[in-house]
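**Q** Sharing a structure, written as structure tokens. Questions coming.
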Amino acid sequence: MLSQLGDEAKLLAGGQSLIPLMKLRFASPKHLVDLNFISGTSYIKEEDGALRFGALTRHAEVESSAGAAKVPILHDCAAGIADAQVRNRGTIGGSLAEADPSGDWATVLMTLETEVRCLSTKGERIVPLPEFIKDAYTTALSPDEVLGEVIVKVPRKASGGAYLAFKRSAPVYPTASAAVQLTMEGDVCKEAVIALGCVGLTPIRPKEAEFALRGKQLTDTAISAAVESARGAADPQSDMRGSADYKRTLVGALVKRAIEIAVQRAAGKQVEVSHIYA
Ligand SMILES: Cc1cc2nc3c(=O)[nH]c(=O)nc-3n(C[C@H](O)[C@H](O)[C@H](O)COP(=O)(O)OP(=O)(O)OC[C@H]3O[C@@H](n4cnc5c(N)ncnc54)[C@H](O)[C@@H]3O)c2cc1C
């Protein structure tokens with residue numbers, strides 16, 4: 001249908017981004033192609049060391065999935081998105097396709113090895129997530145393509161991650177957020193991946209902050225160096241949620257807390273995480 005209707009058509013998944021935009025008249029598609037009637041598009045499967053999410057998998061389904069809970073940062077994300085109504089309708093595929101700079105999924109999935117399966121009448125292609133998210137509200141999808149599946153490699157043993165977002169209330173997007181995924185060997189950090197959310201047009205990977213942790217014992221000095229680098233890499237805009245300076249300070253504090261929780265989880269401890277509210 002997309003290839004027949006061309007760019008006057010929009011796909012409808014959970015409708016939790018598209019319908020508000022249509023209500024505000026920021027989007028007025030001539031045709032809506034409703035994906036909700038296609039069976040077999042909502043699932044969570046574990047295969048060959050990867051978790052596979054059908055595009056229509058709702059945030060709430062990820063939140064309650066025992067399979068996804070094996071990668072705690074996924075549960076942190078799903079459980080913290082907006083309120084129950086939004087989580088019951090909104091989908092992981094819709095969230096990545098929307099590429100909202102304040103969306104949670106892209107930030108979290110950037111810290112894991114994530115690929116996106118894109119489908120069209122011409123066939124399918126697998127796109128690594130960093131190449132899929134091109135810019136604010138812009139992805140690698142062409143107008144006749146559908147996001148079919150999100151494939152997330154399960155991190156190796158002794159890995160742990162955490163995602164923290166700071167919000168003014170549940171049904172609003174975060175003011176800032178930080179995702180951290182670490183792999184430890186004893187008390188030395190072998191691998192560190194950090195992504196900052198809501199402080200740039202796309203999730204930001206603060207490479208120097210990751211470098212400050214990699215191969216190091218995670219002392220207060222190493223963590224402080226990573227936090228400073230993360231603050232420096234953030235590129236926030238002042239808006240109704242706070243000034244750019246405020247957001248830069250905030251994102252540093254979130255990175256610090258997320259590192260501390262990731263270390264504990266990498267050691268096998270169960271640590272509950274919830275978003276932080278003003
Ligand atoms: C009050 C409120 C608060 C919210 N707060 C948050 C929040 O805190 N954090 C957060 O991350 N999100 C938040 N959201 C957004 C929510 O997570 C949405 O579910 C998500 O952004 C879009 O998913 P959807 O399934 O609803 O997509 P839709 O709204 O149906 O579609 C969004 C866009 O993606 C396209 N699309 C959808 N599915 C596909 C597909 N499979 N292939 C190709 N294109 C596709 C559509 O054509 C459309 O352009 C909030 C929404 C509301 C209404």
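The values are calculated or read from the model by the stated rules, or taken from the named source; none is laboratory data. Quantities reported herein were computed from a predicted structural model and do not represent experimental measurements. When we count neighbours, we look across all protein chains shown, and the Cβ atoms used for this are built from the backbone with ideal geometry, even at glycine. Side chains are part of the model used for accessible areas, which takes the heavy atoms of the whole protein and leaves out ligands, DNA and RNA. Shrake-Rupley method; radii C 1.70, N 1.55, O 1.52, S 1.80 Å.
**Q** Over the Cα atoms of region 10-153, what radius of gyration and what Dmax do you get, in Å?
**A** Every Cα atom of region 10-153 included, Rg and Dmax give 14.2, 44 Å.
**Q** As a test of reading the structure, rank V273, V263, V180 by solvent-accessible area (1.4 Å probe, protein chains only), most first.
**A** Greatest to least solvent exposure: V263, V273, V180.
**Q** Taking all protein chains in place and a 1.4 Å probe, what share, in percent, of the accessible surface of region 10-153 do carbon and sulfur account for?
**A** 53
**Q** Only helices at least 24 Å long along their axis, Cα-based, and averaging 0.0 or more on Kyte-Doolittle count here, so list those DSSP H runs from the chain.
**A** Passing helices, by number: 244-266.
**Q** Let me ask another. When only DSSP loop residues count, what GluC sites (Glu not before Pro) in region 49-117 have their Cβ near at most 12 other Cβ atoms within 10 Å?
**A** none
**Q** For region 10-153, what's the relative contact order in percent, using C-alpha pairs closer than 8 Å and at least 6 residues apart?
**A** 23
**Q** A further question follows. Express the relative contact order of the chain as a whole percentage, based on alpha carbon pairs under 8 Å and six or more residues apart in sequence.
**A** Relative CO of the chain lands at 16 percent.
**Q** Tell me, what is the percent relative contact order of region 159-266, built from C-alpha pairs under 8 Å that lie six or more residues apart?
**A** Across region 159-266, relative contact order equals 32 percent.
**Q** Something else about it: Hand me the GluC sites (Glu not before Pro) from region 224-278 located in a DSSP loop with no more than 15 other Cβ atoms within 10 Å, in residue order please.
**A** Loop-located and lightly packed - E272.
**Q** With a 1.4 Å probe and all protein chains kept in place, how do F211, F166, F53 rank by accessible area, largest first?
**A** Ranked list, largest accessible area first: F211, F166, F53.
**Q** What does the accessible area of I126 come to, in Å² to the nearest 10, when a probe of 1.4 Å is used?
**A** Rounded to the nearest 10, that gives 80 Å².
**Q** Moving on. Find the accessible area per residue for the chain; the probe is 1.4 Å, ligands and nucleic acids are left out, and the unit is Å².
**A** 48
**Q** Please state the charge dipole magnitude for region 10-153, taken about the Cα centre, from unit charges on C-beta atoms (+1 on K and R, -1 on D and E), reported in debye and rounded to the nearest 20.
**A** I would put it at about 460 debye.
**Q** Work from the charge dipole of the chain (Cβ charges, +1 for Lys and Arg, -1 for Asp and Glu, about the Cα centre) and give the residue of I73, A97, A27 farthest towards its positive end.
**A** Of the candidates, I73 comes out farthest on the positive side.
**Q** Tell me which of T138, V273, G161 sits at the most positive position along the dipole axis of the chain, charges placed on C-beta atoms (Lys, Arg +1; Asp, Glu -1).
**A** Farthest towards the positive pole: V273.
**Q** Rounded to the nearest 5, what is the percent of antiparallel bridges among the DSSP beta bridges in the chain?
**A** Roughly 90 percent of the DSSP beta bridges within the chain come out antiparallel.
**Q** Taking the Cα centre as origin and putting +1 on Lys and Arg beta-carbons and -1 on Asp and Glu beta-carbons, what dipole magnitude results for the chain, to the nearest 20 debye?
**A** So the dipole magnitude of the chain works out to roughly 360 debye.
**Q** Arranged from highest to lowest average of other beta-carbon atoms within 10 Å per residue, in what order do the peptides 34-46, 141-153 appear?
**A** With the highest mean Cβ count within 10 Å placed first, the list reads 141-153, 34-46.
**Q** Please calculate the 1.4 Å probe accessible area of Y163, with all protein chains present, and give it to the nearest 10 Å².
**A** We get 0 Å² for Y163.
**Q** For a quick check of understanding: with a 1.4 angstrom probe and all protein chains in place, what accessible area in square angstrom does S95 have, to the nearest ten?
**A** Around 30 Å² of this residue is reachable by solvent.
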